[in-house]
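A short write-up of the structure that comes next.
Laboratory data are not the source of any read-out in this text; all were calculated from the coordinates shown. Quantities reported herein were computed from a predicted structural model and do not represent experimental measurements. Positions of Cβ are backbone-derived with ideal geometry, glycine not excepted, and every protein chain shown enters the neighbour counts.
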Amino acid sequence: MLIIGLIPGIAWLVYFLVKGPIGGGSFDNVARVFVAGLFCTIPANLVEDLTGAQLKPDTVLGSIITSFCLIAPIEEFFKLAAVWISIYRRPEFRTPADGMIFAMTAGLGFASIENALYLVRYGQEIWYFRLLYATPAHLMFSAMWGYSMGVARFNSSGEIASVAKGFLQSVGFHGTYNFLVAHSFGYARFTLAVLLVLMAWFTWNQIKKLRNAYPYPPMDAGPVIVCPNCSAYTPECEPFCRRCGATVKEIDYDSQRYCGHCRAPLRFRGTHCGVCGATVESCEFQKLADPSTVQS
């Protein structure tokens, strides 16, 4: 039962193992987030047991409260926390698209364990429903706050508000999914199909926004580093972080630096980015080229 439930997750990991790095989504990073998604089911289930959050036939009001106020926010919160703790502040989180990749990975890890639990509880006849409905639903629930998390990671302000917006969108769709299952299970295969199509359209539009808006405009002619205070990218040559304003102390000579144009990791003291080909001017060169730094 456990292996059957893990099949979608295993297929996702195999895809990244074969495909290779996609943005910051290398196999190691994806595997770490996937495991975090697996384990976040433990606190989520504990909280659901304590609050009595179970999908079952109920009144309309009871189904609404259970779906929108308990199950959806509890599960999405712990999936989001899994990504936040395991990867969000790490330099491997390199592009806004990584937000969706890691969020969907955590969602798939969560769904994999949930699949196994449902198979043990209800038998193999529930497998098709979990495979066709619940698993892709969890992917798209997570993608919604993953999009907001990816954008927030690199913006100079509004981080919490951005993530909260995506979280509320996810809770809204997740709550609707739960309500349709709890209140009208007999028609769920039809109503959920419509909901999944709507979510797929919503998710695809988020992907298009990322494609149209990114990569980001160049930050600096020189290399950028990861702020030790807020983990945002900031030009190495500037004394203060552009996002949080913290003083950026001089980092070690051999510390990792990133291209100011595309945020790809730079080779040790390389003068050109190996990904986008941009010339990366060191801080020393920029100071020499700046007339204001030349004494008369």
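A cut-off of 5 Å between modelled amide H atoms, ignoring neighbours fewer than 5 places along the same chain, links Phe240 with Val248. Spatial offset of the stretch 222-237 relative to the stretch 40-86 amounts to 37 Å, using the alpha carbon center of each. Short-range pairs are left out: with C-alpha atoms under 8 Å and at least six residues apart, the relative contact order of the chain is 17 percent.
Taking the fewest neighbouring Cβ atoms within 10 Å as the starting point, the ordered list for Glu159, Glu92 is Glu92, Glu159. PRE reach from Ile4 (point 7 Å along Cα→Cβ): which of the stretch 107-143 fall under 16 Å by backbone N? Flagged as within label range: 112-135. Each principal axis of the Cα atoms in the stretch 66-135 has its own extent, and those three values, largest first, are 43, 25, 16 angstrom. Pick the calculated Cα Rg over 2.2 N^0.38 Å for this structure from (1) 1.16; (2) 1.29; (3) 1.09? Correct label is (1).
Taking amide H atoms as placed 1.01 Å from N in the peptide plane, the amide H of Thr95 lies under 5 Å from those of Gly24, each 5 or more residues away in sequence or on another chain. Each Cα pair under 8 Å and six or more residues apart adds its sequence gap; the mean of these over the residue count of the stretch 1-109 is a relative contact order of 41 percent.
Over 32 Å between C-alpha atoms is what I'm after, so list which of Lys209/Lys249; Lys56/Lys165; Lys79/Lys249; Lys19/Lys56; Lys19/Lys249; Lys79/Lys209 land there. Violating the 32 Å Cα-Cα cut-off are Lys209/Lys249; Lys79/Lys249; Lys19/Lys56; Lys19/Lys249.
Full extension of the segment from Thr279 to Ala246, taken as 0.36 nm per residue of separation minus the current Cα-Cα distance, would add 9.1 nm.
Maximal additional length on extending the Cys69-Asn155 stretch stands at 28.0 nm, based on 0.36 nm per residue less the C-alpha distance.
A Förster distance of 30 Å, applied to the separation of the beta-carbon atoms of Ala31 and Ser255, puts the FRET efficiency at 0.75. Fully extending the segment from Glu125 to Leu61, taken as 0.36 nm per residue of separation minus the present Cα-Cα distance, adds 20.1 nm.
The simple Förster model, with R0 at 30 Å and r as the Cβ-Cβ distance, assigns Arg89 and Lys208 a FRET efficiency of 0.65. Scanning the chain for chymotrypsin sites (Phe, Trp or Tyr not before Pro) that sit in a DSSP loop and have at most 15 other Cβ atoms within 10 Å, the longest stretch containing none of them is 1-252. Dividing the summed -39500 (n - 2.57) terms of all DSSP H runs of n ≥ 4 by the residue count of the chain sets its mean residue ellipticity at 222 nm at -18500 deg cm²/dmol.
Rounding to the nearest 10 and keeping the result within 0 to 90°, find how far the Cα-based axis of helix 41-51 lies from the longest principal axis of the chain. On a 0 to 90 degree scale, this one is about 50. Per-residue Karplus couplings for the stretch 109-119, computed as 6.51 cos²θ - 1.76 cosθ + 1.60 with θ equal to phi - 60°, are listed in order as x, 4, 5, 4, 5, 4, 4, 4, 5, 5, 5 Hz, Gly and Pro entered as x.
Of the residues Lys208, Lys249, Lys165, the one with the fewest other Cβ atoms within 10 Å heads the list, and the complete ranking is Lys249, Lys208, Lys165.
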